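The values are calculated or read from the model by the stated rules, or taken from the named source; none is laboratory data. Just so you know, these numbers come straight off a predicted model, no measurement behind them. Neighbour counts run over all protein chains shown; Cβ positions are idealised from the backbone, glycine included.
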């Protein structure tokens with residue numbers, strides 16, 4: 001006599017499994033969307049951080065070069081001022097000693113800012129006017145191109161340093177944003193992995209419960225068959241069109257599932 005054991009998983013388990021599967025799929029979709037957004041955000045913030053870091057380095061390099069040019073201009077202006085002072089003192093010595101011819105010859109070779117300031121200084125009659133400015137180097141007309149250029153370069157270098165500092169702050173902010181998005185990537189990936197593990201655990205639990213239910217039904221079916229054979233009777237469902245205990249919703253009263261423990 002062939003024995004057929006119907007495999008049946010309780011509807012409650014099937015419904016809970018389907019609900020859990022739908023919930024897990026929704027969580028997976030949300031995690032994928034979050035991972036995609038975090039990946040784009042990480043790439044964008046990383047690009048911005050690199051861009052601002054490059055601007056910072058470029059501005060600091062330009063500021064350093066500008067400072068070097070300014071220093072050279074200052075040195076050149078200082079040398080020119082020393083030379084103008086030496087020329088003026090030489091003329092003053094010749095003028096006070098009475099060598100007018102040599103003094104005029106020496107004054108004729110004044111150049112640049114000293115020439116303009118010297119002419120304005122002589123117009124004050126400084127040798128006879130006690131209120132006159134004592135030296136042409138202090139005259140308003142005395143302008144050194146090197147010194148003015150050095151001042152402009154220093155101002156430009158200061159602006160470059162400020163711009164570089166701002167770029168550095170922006171780069172630091174984007175680095176922080178990159179770290180944030182990387183953290184989102186990490187935790188989203190971990191949550192997706194945990195969700196999959198939970199899904200696998202739930203499926204294993206359903207498999208174990210289903211196997212246990214099928215085993216109990218098969219055990220009851222076999223026990224009732226042996227009991228009916230020992231009494232010379234037929235199983236309650238044999239020939240009557242009734243289903244076996246494994247597939248029936250209710251177990252016959254003469255056969256209890258607890259009797260399987262006495263086998």
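Listed residues 137, 153, 185; which is out of contact with any strand residue (DSSP E or B) (no Cβ under 9 Å at 6 or more places or on another chain) and within 26 Å of residue 55 (Cβ to Cβ)?
One residue alone meets the criteria, 153.
For region 105-135, what are the residues that are part of a helix (DSSP H, G or I), farther than 22 Å from residue 146 by Cα and in contact with a helix residue (DSSP H, G or I) (Cβ under 9 Å, 6 or more places away or on another chain)? Scanning region 105-135 gives 105, 106, 107, 122. Scanning region 163-185 for residues that are modelled with pLDDT under 90, surrounded by 14 or more Cβ atoms within 10 Å (Cβ to Cβ) and over 8 Å from the mean Cα position of the chain (by Cα) turns up 184, 185.
When you scan region 90-102, do you find a residue that is buried (at least 17 other Cβ atoms within 10 Å of the Cβ) and over 60 Å from the mean Cα position of the chain (by Cα), even just one? For region 90-102, residues buried (at least 17 other Cβ atoms within 10 Å of the Cβ) and over 60 Å from the mean Cα position of the chain (by Cα): present.
Which of the following residues is touching a residue at least 12 places away in the same chain (Cβ under 8 Å), more than 30 Å from residue 48 (Cβ to Cβ) and exposed (fewer than 14 other Cβ atoms within 10 Å of the Cβ): 114, 127? Steps first, answer last, please.
Working: 114 fails: exposed (fewer than 14 other Cβ atoms within 10 Å of the Cβ).
Criteria check complete, one pass: 127.
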